[in-house]
Structure formats: C-alpha cells, structure tokens
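See structure below.
The values are calculated or read from the model by the stated rules, or taken from the named source; none is laboratory data. Everything numeric in this text was worked out from a predicted model, so none of it was measured. Counting neighbours? That spans all protein chains shown, and the Cβs are built from the backbone with ideal geometry, glycine included.
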Amino acid sequence: MIDIITSTGPLLFAITGWLAGIVMFALVLLFVHDIFQKKHAVLRNFPVVGHLRYFLERQGEYFRQYFFANDREEMPFDRATRSWIYRTAKGLGGIIGFGSTHDTREPGTVIFISSSYPKLEEECTPAVPLVIGPRCDLPYAPKHVFNISAMSYGALSAPAIRALSRGAAEANVWLNTGEGGLCKYHLEGECDLIFQIGTAKYGVRDEDGNLSNLKLREVGQKVRAFEIKISQGAKPGRGGVLPAVKVTPDIAEARGIPVGVVSSSPNRHREIRTAGDLLDMIDRIRSVTGRPVGFKMVYSSDVFAHQLFEEIHRRGVHSAPDFITIDGGDGGTGAAPQVLADYAGLPLRESLPMFVDSLIQYDLRQHIRVIASGKLVTSANAAWALCAGADFVASARGFMFSLGCIQSMQCHQDTCPTGITTHNKRLQRGLVVMEKYKRVANYAHWVNVEIDKLAHACGLNNGREFTRDHIRLVLDANRSKVFSELWPYPQPIQFKR
C-alpha cells in the first residue's frame, strides 16, 4: 500500500498542479474580460467577484419561495394555494388542522354566508346541465361548472397536452385548445374540446392567413364549440409570440406555419374593427360549423359591452354570441410584456360583476352564457365567480399546478423544470403522462365537488344556485358587506322589439 501511494504521489501532485493552473488561467481570462467589457459596471469595477452578485440575484427568487416568504405572501400564487392544489390533485383532500392561515380581515376577502340549516347531501338535487348555444344545430351541454381554460400546444409541451386531454376525459370537463390550433395530442383523450381562434387563425387559416371555411368544417367535426380570442389576461391588446426554438414540426403542422420560425400573432383580428364585424364573424363560424360560437376578452370598460349589446338588439337576439369568456387582467399563462401583465385590463373581481350587470341591463343574460377565467384555481374562487354571475369557470394555471408546476416563472424560456412548458425532451421526461393525467382528473373532480359542498353549507342544492346574496366582501378588518349590496342587480332597459 505504501509503495502504491509512493509511486502515485508525484502523478497526483502533477495533476493537482495542472488543474490549479487551468483554474488560475481561467480566472485571469475572466478578470481581463470583466475589466474591458462595457456592459456591466459592477463587473468592470469588481472583476470576477462581481459575478457573485448576479448569481445571488438569480438564486434569490428560489430562496424567497422556499425559505423566506410565508404561506400567504407569494405572488402570483402563494404557497398555501399551491399546496392545496397539489394535495387535491393527488386525491389527498384539502383537510387542515389547528385553523386557517387565511386572513379573513384583509380587505377584498370573500366570506360565504353559511346557513344555520345547511342542506344534507342526501337532500340536494344535482344541477341541470346548462346548454351553450341552444339555438345552434349542434348545441353543447357541459357536464360540470369547472373546466380547463385555454393553453396552446406550443406554449405547453406535448406530454402536458396529452395529460390534460386524458384528464379532462376522465373528469368529464372540457379542454380549451388555446390559439395554437388542434393537434393529435388534444384528441388523444377523446375529451370535449373548445377550439380557440386566435388573431393568426392557427389551424383554421388558408395559405394567405385568412379564415378558411374548409378548415372550419374539418375542425368543427372534432370539437364542441369555437371561441374567438379578442384578448387574454396575460397580455390584453397584444398578440401571442412563440419563440422559434418552440416551433417544432408538430407545432408547425398544427398551426400551419414554417418550422423553426418565430410565430407571432397580430394585436387583433384584422377583419374585426367594430361590434358589427365581431357579430359577422360569429355568425359565419356558426353557420359553417353548426357549433356554438363565443369570444374571449379582458373587460376594461362598459363602452364595449354597450356597443355590442346595442348592435345585437338592432340585429335581433339570434345574432348574439352563444357565450362570452371574461378573463381577468390578472390572468396569465402566456408569456407577456410585464407592462401589460401588471397594468392592462381590469382584474376579474371587478370586471365580472360589471360585465354581468351590462348583460342584465340589456336583457341578454338568458341568451348568453358567461365563462369566468383568471386566477380561479380553488373551489372558493370558482364559487365566488358563480355568485358574481358566471355560468361556468375555466382555469389554466390551476391545471398547470395539477400537472406539477412549481411556479419557477420560466414558461417563456423553454427551460421549465417540470416539463410542462418546454420542448426539451430531457425536461419533458419528468412529466409522466399516465401518472399526471390522474392528477388533472382528481383536481377537476374535487373542485367541482367542493363547489357543491360550499353551496350545501349555504343552504343551497348545488353551485348553480349561488347569487350575490350568498357572499360577503370584507371592507376592512372589522367590517364586511353582502355582495349584493355592493353590486346590486340592475334593472333591464326596456327595448322596442
């Protein structure tokens, strides 16, 4: 043994010396580079050592998430909310002990008005399915209130779409394709699909990028309804952008675009400049496909609703969209400029009741279904939306969490560590479809179940019976008010028929 050590000692010493020399040479090169580069003042003044500052800045985001922020502090979704979704998706239930960490004194907090005589579950009657587009040739009657909101193939990976499709079928909820077209992975689970038509018309465009009746008919045989995307919560007033690295052959085929080229959508549909233009497109798609047609938008002003609803009354209620999806300005699965994500569009807490009031004023509430979308990831959030006036609720990020999203905020970088928003095959390997689809189904199932449990606690048969009389809104630490007093239902305007 001594002989071996003696014989190898000089070699080890030489190797160590070489490695030390290489490291020193690299540090000298880095030192010289830092001194002469002109982009970063810190590195120019503090060569080599200055890199530590940038490293700690990048790591700070992750350390705050796991060590420093408390359970109810983090944005856009706090740890308590994410943990609840993880447990629900795994079928472990949302049971806690020793009281809630939810601060019910915080202004804006919603409190459900529990009944002194809640409904026994065996006394309750299930909700009658609400039909979307009853006047269409092929109306659609969704089975549940809570469904999967728009997420495109391209923004999401193939395994993520496959898991969502299978999970949606298992839970009997719909899956919105997002604006990236219809692909084979959407069809894998044979679930109900709502096809979203974005401003670039991906999947239903001709060679010149215009809406194609032929493509509409083809897609119409595979989906339940069509949704025209006017705007979305992540970036109101801006079209989607898919980096070239994400435009794979499969994605290019689904969208009808070249492989490896940046995929950009216009800010709006070029042919829609007025309320009349919007109704014309709705009528065209409905006539060609026979399917219900609606649109999605971020609501910011009553002016839009008044112009649209007046045009509907001028043409007749048959011209009305079959549904309208209201997305909050605080939504955001898509990559977006921060200035739009932070400052454009009303949050759903204000825009949803405002929009529903406009529908009531124009006596169109019974003709148009309302879908609420935007940070509605828990059963309580979804039940609030029903109280505010929604007919259905759609969530995107909630289902991303059910797939295993850890809120790493890397959706736009193709580096998602959980394989959900990346096309890197190595990272996608972590998302096992046959495991994750069960979590998608569990999450959808239990949110729908808990909406009804909240209704039972309020003395109602099911979630469809919620109104603004069933919740209070906290104004300050010691005072709350019934929502129907803060947002009283308006009286319909009398129109000449």
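Quick notes
- Positions within region 212-248 being part of a loop (DSSP other than H, G, I, E, B) and at pLDDT 85 or above, in sequence order: Ser212, Gln221, Lys222, Val223, Arg224, Ile230
- Residue selected from region 154-200 under the condition assigned to a strand (DSSP E or B) and among the β-branched types (Val, Ile, Thr), by the criterion modelled with the highest pLDDT: Ile194
- Among residues that are acidic (Asp, Glu), modelled with pLDDT of 95 or more, surrounded by fewer than 20 Cβ atoms within 10 Å (Cβ to Cβ) and more than 30 Å from Asp414 (Cβ to Cβ), Glu350 is not included.
- Qualifying residue in region 207-220 (condition: within 24 Å of the chain's Cα centre (by Cα) and in the same structural domain as Ile312 (by TED's automatic domain parsing)): yes
- Being closer than 28 Å to Gly260 by Cβ, crowded, with 24+ Cβ neighbours inside 10 Å and at pLDDT 90 or above is a property that does not hold for Leu386.
- Unique match (being on the phi > 0 side of the Ramachandran plot, in contact (Cβ under 8 Å) with a residue 24 or more places away in the chain and surrounded by 22 or more Cβ atoms within 10 Å (Cβ to Cβ)) among Gly167, Gly256, Gly198, Gly178: Gly178
- Candidates Arg314, Arg291, Arg286 - the one that is without any contact (Cβ under 8 Å) to a residue 12 or more places away in the chain and more than 24 Å from Pro353 (Cα to Cα): Arg314
- Scanning region 132-153 for residues that are over 15 Å from the mean Cα position of the chain (by Cα) and not in a loop (DSSP other than H, G, I, E, B), we see that the one that is surrounded by the most Cβ atoms within 10 Å (Cβ to Cβ) is Ile132.
- Comparison of Ile282, Ile257, Ile251 shows that the only residue that is at pLDDT 90 or above and in the same structural domain as Ala372 (by TED's automatic domain parsing) is Ile282.
- Cys411 meets the stated requirement of being crowded, with 21+ Cβ neighbours inside 10 Å and farther than 29 Å from Lys143 by Cα.
- Scanning region 356-377 for residues that are more than 26 Å from Val447 (Cβ to Cβ), in contact (Cβ under 8 Å) with a residue 12 or more places away in the chain and assigned to a loop (DSSP other than H, G, I, E, B) gives Tyr362, Asp363, Leu364, His367.
- Extreme residue, farthest from the chain's Cα centre (by Cα), among residues of region 266-292 that are buried (at least 20 other Cβ atoms within 10 Å of the Cβ) and assigned to a loop (DSSP other than H, G, I, E, B): Arg291
- Subset of region 447-493 that is in a helix (DSSP H, G or I), touching a strand residue (DSSP E or B) at 6+ places or on another chain (Cβ under 8 Å) and of a type in the set (D, E, K, R) - its residue that is surrounded by the most Cβ atoms within 10 Å (Cβ to Cβ): Arg468
- Considering Ser395, Ser484, Ser402, Ser408, the condition of being over 26 Å from the mean Cα position of the chain (by Cα), on the phi < 0 side of the Ramachandran plot and of a type outside the set (Val, Ile, Thr) is satisfied by Ser484 alone.
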